[in-house]
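A short worksheet on the structure shown next.
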Amino acid sequence: MVTAEVAEALPAQTPEDRFEAVVAAEQRIEPRDWMPDAYRATLIRQIAQHAHSEIIGMQPEGNWLTRAPSLRRKAILLAKAQDEAGHGLYLYAAAETLGVDRAELTEKLISGRQKYSSIFNYPTLTFADVGVIGWLVDGAAICNQVPLCRCSYGPYARAMVRICKEESFHQRQGYELLMTLMRGTEAQRRMVQDAVDRWWWPSLMMFGPSDADSPNSARSMAWRIKRHSNDELRQRFVDMSVPQAQHLGVTLPDPELRWNEERGGWDFGEPDWSELNRVIRGQGPCNAQRIERRRAAHEDGAWVREAAVAYAAKHAAEQAASHVAEQAASRAAEPVQHATEQENGK
Ligand code: 3HC
């Protein structure tokens, strides 16, 4: 929000100057504030992609809901999937403050005109994948999203606060599941290692292309939408994950991983960028299946949307009718009140 102090300090400035000053002062831009068209478009692009990712992200783990090994694991997984649905809703609501409609965004997703995160186009082959998604995928999401709580656009930043708290719970449940499996049989430990081998590189790719190939980063960072570059966040994630992998007793599948004493961080290998590009273009292992499932769910849910609209119309009509009745009743009471007042000599 443009605070009184910032607004007062800038009385004679153009909207552009005012916008720049608010961003530079680490204040928030709010929906009714003036903003450049490109800033609005960038936010819609990023928030919509983010919302789509949360919604599509329910599918890989949803695959295990009916086959969770215990009631406890099923309840945890169900709660996590419900959280992701909630995150999608907060984010669509944040996008709507920028003047777009959720139905329009959903249409763009299922017709392939908007993206969602590459990570959700990989299959979940065993129950260990559920743990590794919690640990690595939600861990990467936390690294990427905690800085978004300081994004310059108010509704997005505020939505991220709650999302990050829930993601932190998701990451811990994943790590706890993996710890349990690692304390189990040799076959369970192998299952965890296999899941780590398959998810490590795609998790690194979640942060996007390398900085040199990231066309949007510079602009988004100048506007304080993104607070760190893709490579900075990827490095932060590797530094965080290596000691966790050691504690867990798994090997990260990167022969180039070694501690760099000089810069106090882990050196790591180059992700396969051609794979990321293929997955983003729609040619990942599960892209077609994910979009088809989303389209079917959207179509299956049409009656719910129609019922909600019909209910809202009925409720509004009832409210209007009761308002009219109330007014008529108060008009009818007026002469009686008048006569009573006259009788009482008022
Ligand atoms: N998957 C799909 N597309 C990707 C991508 C990925 N991992 N990384 C980058 N891209 C796309 C970008 O969207 C952009 O395409 P566009 O210009 O057509 O929109 C293009 O590749 C170039 O990348 P840039 O680095 O220039 O793009 P950005 O500056 O937008 O950075 C980002 C990409 C880091 C993903 C940024 O948009 C971001 O931080 N988004 C918010 C977080 C988010 O959406 N996370 C998705 C995961 S949600 C999640 O994990 C849910 C949880 O429950 C696990």
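The values are calculated or read from the model by the stated rules, or taken from the named source; none is laboratory data. All figures in this text were calculated on a predicted structure; none of them were measured in a lab. Neighbour counts are summed over all protein chains in view; Cβ atoms, including those assigned to glycine, are modelled from backbone coordinates with ideal geometry.
Please note which helices (runs of 4 or more DSSP H) are completely contained in segment 1-65 and include at least 1 residues that are away from the ligand (no atom under 15 Å from the Cβ), of a type in the set (Val, Ile, Thr) and modelled with pLDDT of 95 or more.
In segment 1-65, the matching helices (runs of 4 or more DSSP H) lie at 15-24.
Condition first: surrounded by fewer than 23 Cβ atoms within 10 Å (Cβ to Cβ) and more than 20 Å from Met191 (Cα to Cα). Now tell me which residues in segment 110-138 satisfy that.
Result: Ile110, Ser111, Gly112, Arg113, Gln114, Lys115, Ser118.
Looking at (1) crowded, with 16+ Cβ neighbours inside 10 Å; (2) touching a helix residue (DSSP H, G or I) at 6+ places or on another chain (Cβ under 6 Å); (3) not in a loop (DSSP other than H, G, I, E, B), which is the only condition Pro147 fails?
The one condition Pro147 does not meet is (2).
Please go through segment 222-256 and pick out each residue that is surrounded by fewer than 16 Cβ atoms within 10 Å (Cβ to Cβ) and hydrophobic (A, V, I, L, M, F, W, C).
Ala222, Met240
Return the residues of segment 270-285 that are among the polar types (S, T, N, Q) and surrounded by 12 or more Cβ atoms within 10 Å (Cβ to Cβ); say none if nothing qualifies.
Selection gives Asn277, Gln283.
Of everything in segment 99-113 that's among the hydrophobic types (A, V, I, L, M, F, W, C) and within 15 Å of the ligand (Cβ to nearest atom), which residue is nearest to Arg28 (Cα to Cα)?
Restricting to residues being among the hydrophobic types (A, V, I, L, M, F, W, C) and within 15 Å of the ligand (Cβ to nearest atom), the top hit is Val100.
Say we look at segment 114-171 and pick out the residues that are within 21 Å of Leu252 (Cα to Cα) and among the aromatic types (Phe, Trp, Tyr); which of these is farthest from the ligand (Cβ to nearest atom)?
The qualifying residue farthest from the ligand (Cβ to nearest atom) is Phe127.
Please state which one of Ala68, Ala51 is within 26 Å of Asp129 (Cβ to Cβ), surrounded by fewer than 20 Cβ atoms within 10 Å (Cβ to Cβ), in contact (Cβ under 8 Å) with a residue 24 or more places away in the chain and in contact with a Leu (Cβ under 9 Å, 6 or more places away or on another chain).
Result of the check over Ala68, Ala51: Ala68.
Yes/no matrix, rows are residues, columns are (1) exposed (fewer than 10 other Cβ atoms within 10 Å of the Cβ); (2) within 32 Å of the chain's Cα centre (by Cα); (3) among the aromatic types (Phe, Trp, Tyr):
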| residue | (1), (2), (3) |
| --- | --- |
| Asn287 | no, yes, no |
| Arg293 | no, yes, no |
| Ala297 | no, yes, no |
| Asp300 | yes, yes, no |
| Arg305 | no, yes, no |
| Lys314 | no, no, no |
| Ala321 | no, no, no |
| Ala325 | no, no, no |
| Ala333 | no, no, no |
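Among the residues in segment 76-88, are any part of a loop (DSSP other than H, G, I, E, B) and within 16 Å of the ligand (Cβ to nearest atom)?
Taking every residue of segment 76-88 in turn, none turns out to be part of a loop (DSSP other than H, G, I, E, B) and within 16 Å of the ligand (Cβ to nearest atom).
Any idea which residue in segment 177-189 is nearest to the chain's Cα centre (by Cα), counting only those that are closer than 17 Å to Gln246 by Cβ and either aromatic (Phe, Trp, Tyr) or assigned to a helix (DSSP H, G or I) (or both)?
The extreme case among them is Leu178.
What do you reckon, is Gly174 under 21 Å from Thr124 (Cβ atoms), within 11 Å of the ligand (Cβ to nearest atom), among the small types (Gly, Ala, Ser) and touching a helix residue (DSSP H, G or I) at 6+ places or on another chain (Cβ under 8 Å)?
Considered against the rule, which asks whether it is under 21 Å from Thr124 (Cβ atoms), within 11 Å of the ligand (Cβ to nearest atom), among the small types (Gly, Ala, Ser) and touching a helix residue (DSSP H, G or I) at 6+ places or on another chain (Cβ under 8 Å), Gly174 comes out as yes.
Taking Trp201 as meeting all but one of (1) surrounded by fewer than 19 Cβ atoms within 10 Å (Cβ to Cβ); (2) within 16 Å of the ligand (Cβ to nearest atom); (3) farther than 30 Å from Arg40 by Cβ; (4) without any contact (Cβ under 8 Å) to a residue 60 or more places away in the chain, write down the number of the exception.
(4)
Looking only at segment 211-251, count every residue that is assigned to a loop (DSSP other than H, G, I, E, B), more than 9 Å from the ligand (Cβ to nearest atom) and not aliphatic (A, V, I, L, M) and tell me the total.
6
If we scan segment 176-189, do we find a residue that is without any contact (Cβ under 8 Å) to a residue 60 or more places away in the chain and surrounded by 18 or more Cβ atoms within 10 Å (Cβ to Cβ)?
yes
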